[in-house]
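The values are calculated or read from the model by the stated rules, or taken from the named source; none is laboratory data. Here the structure is a predicted model, which means the values were calculated and not measured. Note that each Cβ is placed from the backbone with ideal geometry, even for glycine, and that neighbours are counted across all protein chains shown.
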Amino acid sequence: MNLQKTILSLLFLIMTSATVFAQKHIDTQVNNFIQEYNDMLTEKDKSLKLSEAQEAKARELYKSLAILESKAPKSEKKKQAFVEEMKPKRREIMRSIWGLFTPEQTKAFKSHKNNENH
């Protein structure tokens, strides 16, 4: 009986640890995304930083995308199909995030992207 409890406790600990690790990885992705966008927007004008409300909504949206993308299959063949399947959802979420920008932020974002592509 004690052995069963020990084994069950270990299994629970392993499952919980994996979930916590996955959550931390997603949180890191979200934080990096927000930092990258703030760096992009404030490149020439520090006042264009995302507001607290914009940042909160962008975090929520990007986190939903990161969670979806974390479910990608491991096999290369299935992963390619998953990536193709996710493109419309990714585009939709990114457009929602860009929709949070003020006109000035949109202009700065587009300027940065244009410079990045040249």
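I need the full set of residues from the stretch 95-110 which are of a type in the set (Gly, Ala, Ser) and in contact (Cβ under 8 Å) with a residue 40 or more places away in the chain, in order please. Spell out how you get there, then give the answer.
Step one: filter the stretch 95-110 for residues of a type in the set (Gly, Ala, Ser), giving 96, 99, 108.
Correct list: 108 only.
Whether any residue in the stretch 70-89 is exposed (fewer than 14 other Cβ atoms within 10 Å of the Cβ), in a helix (DSSP H, G or I) and in contact with a helix residue (DSSP H, G or I) (Cβ under 7 Å, 6 or more places away or on another chain) is what I want to check.
Yes, some residue in the stretch 70-89 is exposed (fewer than 14 other Cβ atoms within 10 Å of the Cβ), in a helix (DSSP H, G or I) and in contact with a helix residue (DSSP H, G or I) (Cβ under 7 Å, 6 or more places away or on another chain).
Enumerate the pairs (first residue in the stretch 66-94 and free of Cβ contacts under 8 Å to residues at least 40 places away in the same chain; second residue anywhere and surrounded by 13 or more Cβ atoms within 10 Å (Cβ to Cβ) and assigned to a helix (DSSP H, G or I)) with beta-carbon separation below 6 Å, excluding pairs fewer than 6 apart on the same chain, so at least 6 apart or on different chains.
From the stretch 66-94, the pairs are 72/82; 73/82; 93/61; 93/65.
Identify all residues within the stretch 37-55 that are modelled with pLDDT under 95 and within 29 Å of residue 82 (Cβ to Cβ); write none if there are none.
Across the stretch 37-55, the qualifying residues are 37, 40.
In the stretch 79-114, which residues are among the basic types (Lys, Arg) and either under 21 Å from residue 23 (Cβ atoms) or at pLDDT 90 or above (or both)?
Restricting attention to the stretch 79-114, the residues satisfying the condition of being among the basic types (Lys, Arg) are 79, 87, 89-91, 95, 107, 110, 113.
Those that are among the basic types (Lys, Arg) and either under 21 Å from residue 23 (Cβ atoms) or at pLDDT 90 or above (or both): 87, 89, 90, 91, 95, 107, 110.
Yes/no matrix, rows are residues, columns are (1) within 26 Å of residue 95 (Cβ to Cβ); (2) at pLDDT below 95; (3) surrounded by 15 or more Cβ atoms within 10 Å (Cβ to Cβ); (4) touching an Asp or Glu at 6+ places or on another chain (Cβ under 8 Å):
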residue	(1), (2), (3), (4)
7	no, yes, no, no
11	no, yes, no, no
19	no, yes, no, no
57	yes, no, yes, no
60	yes, no, no, no
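For the stretch 61-85, what are the residues that are β-branched (Val, Ile, Thr) and under 17 Å from residue 26 (Cα atoms)? Don't jump to the end; show me each part of the working.
In the first step, residues of the stretch 61-85 are kept if they are β-branched (Val, Ile, Thr); the result is 67, 83.
Of everything in the stretch 61-85, just one residue is β-branched (Val, Ile, Thr) and under 17 Å from residue 26 (Cα atoms), namely 67.
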